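Here is the structure we will look at, set down as structure tokens.
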Amino acid sequence: MSDLATIVDRGTLTFVRHLPGPIERVWVYLTDPKFLVKWFSDGAVADGVGGAVSFEMGATGRITAYKPPHLLEYTWNEEEASVGPVTDALVRWELAQEGNLVRLTLTHSRLPEIEVLAHCAGWHAFLERLSASADGREPEPVMELYARFKTDYLPLVQSAGLSLP
């Protein structure tokens, strides 16, 4: 399985990763501010459908599905994304225990086509940081990872026929 995202359609990306379990531990990395800040952003994730999600890096939303420790889904809004605003996109985290590992599937859908490249590279960078944190390693700086992955994703986005910024 490739580490690169799968571009499912013109505005949907899917990533799959395997992280050390148990599943409850990975859930904490997605929902607890003390763990979110280690790999993603300072912020807060409410603990139920309709609750607010907000991240210091500029994204906000509302929880649309919440089934601990298997499913977390929320809307994704960014007034100042890489090219333009992102409104009511959807971020879905699915977790499944597979032996000693947890299969994490991240799907970001309803993205504006022009934002696909930036979000492929961004989520890939953050998932690398999550993997490092879950493994007890110091995560690399996000902007260094982002620059590297943006180059990696350019051919994929071009081959999908998507608009580039």
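Somewhere in segment 141-158, is a residue in a loop (DSSP other than H, G, I, E, B), surrounded by fewer than 14 Cβ atoms within 10 Å (Cβ to Cβ) and modelled with pLDDT of 95 or more? Yes, because at least one residue in segment 141-158 is in a loop (DSSP other than H, G, I, E, B), surrounded by fewer than 14 Cβ atoms within 10 Å (Cβ to Cβ) and modelled with pLDDT of 95 or more. Of all residues in segment 25-50, those satisfying the criterion of being over 15 Å from Leu130 (Cα atoms) and either loosely packed, with under 13 Cβ neighbours inside 10 Å or modelled with pLDDT under 95 (or both) are Asp47, Gly48, Gly50.
Going by the conditions given, is Ala96 among the small types (Gly, Ala, Ser), more than 22 Å from Pro33 (Cβ to Cβ) and at pLDDT 95 or above?
Yes, satisfied.
Per the conditions (1) under 25 Å from Pro141 (Cα atoms); (2) part of a helix (DSSP H, G or I); (3) not hydroxyl-bearing (Ser, Thr, Tyr), the sole criterion not satisfied by Leu13 is (2). All of Val53, Val8 fail the test of being in a strand (DSSP E or B) and buried (at least 17 other Cβ atoms within 10 Å of the Cβ), apart from Val53. In this structure, Thr64 does not satisfy being within 14 Å of the chain's Cα centre (by Cα), surrounded by 13 or more Cβ atoms within 10 Å (Cβ to Cβ) and among the polar types (S, T, N, Q). Among the residues of segment 90-102 satisfying the criterion of being surrounded by 16 or more Cβ atoms within 10 Å (Cβ to Cβ) and over 14 Å from the mean Cα position of the chain (by Cα), which is nearest to Ser163 (Cα to Cα)? By that ranking, first place goes to Val102.
Taken over segment 67-79, the criterion of being outside any strand (DSSP E or B), under 17 Å from the mean Cα position of the chain (by Cα) and over 24 Å from Ser131 (Cα atoms) is satisfied by no residue. Answer with yes or no whether Ala125 is under 28 Å from Leu162 (Cβ atoms) and assigned to a loop (DSSP other than H, G, I, E, B). Answer is no for this residue. Selection over segment 22-45 of residues that are in a helix (DSSP H, G or I) and under 13 Å from the mean Cα position of the chain (by Cα) gives a count of 5. Here the condition is being out of contact with any His (no Cβ under 6 Å at 6 or more places or on another chain), within 25 Å of Thr151 (Cβ to Cβ), surrounded by fewer than 21 Cβ atoms within 10 Å (Cβ to Cβ) and β-branched (Val, Ile, Thr); of Thr107, Thr87, it holds for Thr107 alone.
The values are calculated or read from the model by the stated rules, or taken from the named source; none is laboratory data. For clarity, every value in this text was computed on a predicted model and none was experimentally measured. Backbone-built Cβ (ideal geometry, glycine too); neighbour counts: all protein chains shown.
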